[in-house]
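The values are calculated or read from the model by the stated rules, or taken from the named source; none is laboratory data. No experiment lies behind these values; they were computed from the predicted model shown. Neighbour counts are summed over all protein chains in view; Cβ atoms, including those assigned to glycine, are modelled from backbone coordinates with ideal geometry.
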Amino acid sequence: MNRIITLDEFIIRRQKDFPFASGELTGLLRDIGVAAKIVNREVNKAGLLNILGTAEVENASGDAVQKLDLYANEKLIECLKNSGECAGVASEEIEEIITFPTVNDKPSKYVVVFDPLDGSSNIDVNVSVGTIFGIYRRISDTADSCTLADFLQKGSQLVAAGYVLYGTSTLLVYSTGRGVNAFTLDPTIGEFCLSHRDIQIPQRGNYYSVNQGYYLKFDVDMRRYIDQCSDMNLRLRYIGSMVSDIHRILLQGGIFLYPNTRKYPQGKLRLVYECNPLSFIVEQAGGKAITTQLERVLDLEVHDLHQRATIAMGSPEMVDEMKAFVEKYSGINLPKD
Ligand code: P6P
């Protein structure tokens, strides 16, 4: 039996890979791990507490908020505020950024973006949900409070990103730009333990993941591409929880799509705290992440905390094929005559 390597031990060991690391990012990642354990404790017994159902409020994106969303949001804010390594946060659940006072007069170098409980409409039917996070180094003066500009950096500026998947087991998957590793929570010892070292996404897979119910609302090029996936006998897997759908593709290969629709002409998924962090992870695992307008997601200009984006991400060969297909059928990038 391999020796157990806990998340804390792994993060501390990896800090040695960064000659100039001074421990702040290490501390921040460990604090996120603590928040994940706290949220997991409640997610796992949500059915026993009065925290199921909607909270009768809407979030910044106009979505109905689940009670567990608010719980997860509060716990993440609490852990990050007390960490002393985070200058502020941006959350799917909150319209504006939250700036934190310095802890022990020590300025913080980082800010964190997160979706505290993605896919939360699945909670009441016991389907997996997830927390998504991204970490940026501040571009504002660390002597002052963080600013909105710290959060509107491109995804390519992320210094770390990851997700927690509250599923049949609870996994924390993260990258600091040197590959992707996953840790499974062992509830008997209360530790995340290394379970998937240096994840490499398969070059191609047998799954495509899209909300087929919107088929007639997609542009014709996307409909034809989805038809091709079906003609190639790919298997459709879509549970409406992005973290779960992406995790399957990360491990087994495939492509995840959320194209634009009439209801969401810019796409439904949020760029800052859904698409960018997950695109960072997928690229770090050797995959690709583009919009259905064929731009690299991590290169997108960010002008609003809650801006939406279309997305096609997963196995590199399948994303390349989708790109070629759309170029051929939609005239994008055809040589100008
Ligand atoms: P639809 C959950 O609300 C979410 O943000 C993602 O987790 C998920 O992939 C998507 O929306 C599901 O959206 O329109 O297919 O229900």
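List the strands (runs of 3 or more DSSP E) that sit entirely inside segment 235-337 and contain at least 1 residues that are modelled with pLDDT of 95 or more, on the phi < 0 side of the Ramachandran plot and away from the ligand (no atom under 16 Å from the Cβ).
On the way: elements: 255-258, 288-290, 311-314.
Because the criterion is at least 1 residues that are modelled with pLDDT of 95 or more, on the phi < 0 side of the Ramachandran plot and away from the ligand (no atom under 16 Å from the Cβ), the strands (runs of 3 or more DSSP E) in segment 235-337 that meet it are 288-290.
Of the residues screened, ILE139 is not one that is of a type outside the set (Gly, Ala, Ser) and either within 15 Å of the ligand (Cβ to nearest atom) or part of a strand (DSSP E or B) (or both).
Okay, residues lined up against (1) away from the ligand (no atom under 16 Å from the Cβ); (2) touching a residue at least 40 places away in the same chain (Cβ under 8 Å); (3) assigned to a loop (DSSP other than H, G, I, E, B):
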site: ASN73; (1), (2), (3): no, yes, no
site: LEU80; (1), (2), (3): yes, yes, no
site: VAL89; (1), (2), (3): yes, no, no
site: GLU96; (1), (2), (3): yes, yes, yes
site: PHE114; (1), (2), (3): no, yes, no
site: ASN122; (1), (2), (3): no, yes, no
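Inspect all residues belonging to segment 167-185 and state whether any of them is within 13 Å of the ligand (Cβ to nearest atom) and in a strand (DSSP E or B). No: segment 167-185 contains no residue that is within 13 Å of the ligand (Cβ to nearest atom) and in a strand (DSSP E or B). The sole residue among LEU152, LEU165 that is within 19 Å of ASP118 (Cα to Cα) and not assigned by TED's automatic domain parsing to the domain that holds PRO316 is LEU165. Among the residues making up segment 207-224, those that are within 10 Å of the ligand (Cβ to nearest atom) and closer than 21 Å to ARG248 by Cα are SER209, VAL210, ASN211, GLN212, GLY213.
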